[in-house]
Amino acid sequence: MREIALPPLPLTGGCQCGSVRYALSGPPVVFYVCHCTECQKQSASGFGESLRVRAADLAVTGDTATFVRDAGAPSECRCEFCPACGSRLFHRRAAYAETLNVKAGSLDDTSWLKPAGHIWTRSKQAWVAIPPDALTYDGQPNDGGAALARRWREMTGAG
């Protein structure tokens, strides 16, 4: 079922103004789209794009600022962004210390991205069309995202 050819590593990206750059030295764990109202607000769009990566694979140059969205431990979300242009780049949660989410729209090349699934679809915008064969969740996946990661591995042939 391999549908995606991962580009050569490292994957690179950064903020809108170029003050913060990053490189990923390992393949992503999963890519999914979140339709929760929080992601809609932070992206000022219909959804957020989350590329989960291993924290050890991420190298960042430039300074980031942090906004902490306190939803109560372990749900507290540390949101990192460029202090110069405001571009949101990363989300970290204490419950998932070994991984973090890169905001996938900040990659230099997004042409290869295809989500493994969609979460929080009960709050999606009415105009967003989700493919009928997509892996979807009304809210947060109750398996910790294991099925999304499994689908991603099938789609990419990674891992």
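The values are calculated or read from the model by the stated rules, or taken from the named source; none is laboratory data. Model, not experiment: these values are computed from the prediction. Cβ sites come from the backbone with ideal geometry, for glycine too, and all protein chains shown count toward neighbours.
One table, with the values for the structure above:
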item	result
Subset tally (residues that are small (Gly, Ala, Ser) and within 22 Å of His35 (Cβ to Cβ)) for region 73-109	6
Qualifying residue in region 91-103 (condition: modelled with pLDDT under 90 and over 24 Å from Arg21 (Cβ atoms))	yes
Filtered residues of region 125-137 (kept if loosely packed, with under 12 Cβ neighbours inside 10 Å and without any contact (Cβ under 8 Å) to a residue 40 or more places away in the chain)	Ala126, Ala129, Pro131, Pro132, Asp133
Region 43-69 residues that are under 30 Å from Lys124 (Cα atoms), paired with ones that are small (Gly, Ala, Ser) (beta carbon under 6 Å, 6 or more apart)	Glu49/Ala104; Glu49/Gly105; Leu51/Ala104; Arg54/Gly26
Qualifying residue in region 59-77 (condition: under 14 Å from Leu113 (Cβ atoms), surrounded by 12 or more Cβ atoms within 10 Å (Cβ to Cβ) and of a type in the set (Gly, Ala, Ser))	no
Condition check for Thr64: under 29 Å from Gln16 (Cα atoms) and in contact with a strand residue (DSSP E or B) (Cβ under 6 Å, 6 or more places away or on another chain)	yes
Region 97-149 - residue that is in a loop (DSSP other than H, G, I, E, B) and among the polar types (S, T, N, Q) and, of those, nearest to Ser45 (Cα to Cα)	Gln125
